[in-house]
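The values are calculated or read from the model by the stated rules, or taken from the named source; none is laboratory data. Just so it is clear, the model here is predicted, and its values are computed rather than measured. Here the Cβ positions follow ideal geometry from the backbone for every residue, glycine too, while neighbour counts run over all protein chains shown.
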Amino acid sequence: MLSVVVVPADDPEALARTLAVLVEGVLEGVICEAFVIDEGLEAASLEVADQAGCMLMKNRPAEIAAAMRGEWLLVLEAGAIPGEGWVQALSLHMASACETASFRHERWWGNLGLRFLRRPLAFGLLVKRRRAMEQAEKGFEVIARGARLSIAATIVPAEGESRKPAVAEMRKRPAASGN
């Protein structure tokens, strides 16, 4: 089973698009729960998360890993849309590998700038719960930079400009803070 964390830009439409795509995974019995990171979300985004049945969590990877029920964790940016066949690709990866992975861009060069230079979560992060707990103090972005395997499915990353304020705010806060 898989737990999902959505890292939001405070854009309710982007959050709704990503959460809507996750329904397929719920219906196929792959996704057991979803969390939305709440670092001061506005009312509209909170309403979207509530209507989708998501639990709200602070950006504290250790607490998220401890609270999740799934054996695997998928982290997505709000607005990111996994491509066709993503549920089956995740299922195959989880059944055959124990390594951290991410989706891939439709064009090989699309991965380079977003993943390594500016937004390592642009292509998602699939990580075993145990590894997420072991590396929680690093934060999800650092764990994503270490992903060496690709899931056999593509993703349309969230749009960059709408992500900048939320990502900048998350970088200001310590990832493993207990407060």
One residue is enough: does the stretch 57-71 have a residue meeting the conditions assigned to a strand (DSSP E or B) and in contact with a helix residue (DSSP H, G or I) (Cβ under 6 Å, 6 or more places away or on another chain)? yes
Determine whether the stretch 51-59 contains at least one residue that is surrounded by 19 or more Cβ atoms within 10 Å (Cβ to Cβ), in contact with a Leu (Cβ under 8 Å, 6 or more places away or on another chain), among the hydrophobic types (A, V, I, L, M, F, W, C) and at pLDDT below 95. no
Selection count, the stretch 127-156, where residues are in a loop (DSSP other than H, G, I, E, B) and modelled with pLDDT under 85: 3
The listed residue being surrounded by 13 or more Cβ atoms within 10 Å (Cβ to Cβ), touching a strand residue (DSSP E or B) at 6+ places or on another chain (Cβ under 9 Å), at pLDDT 90 or above and outside any helix (DSSP H, G or I), out of V26, V4, V87: V4
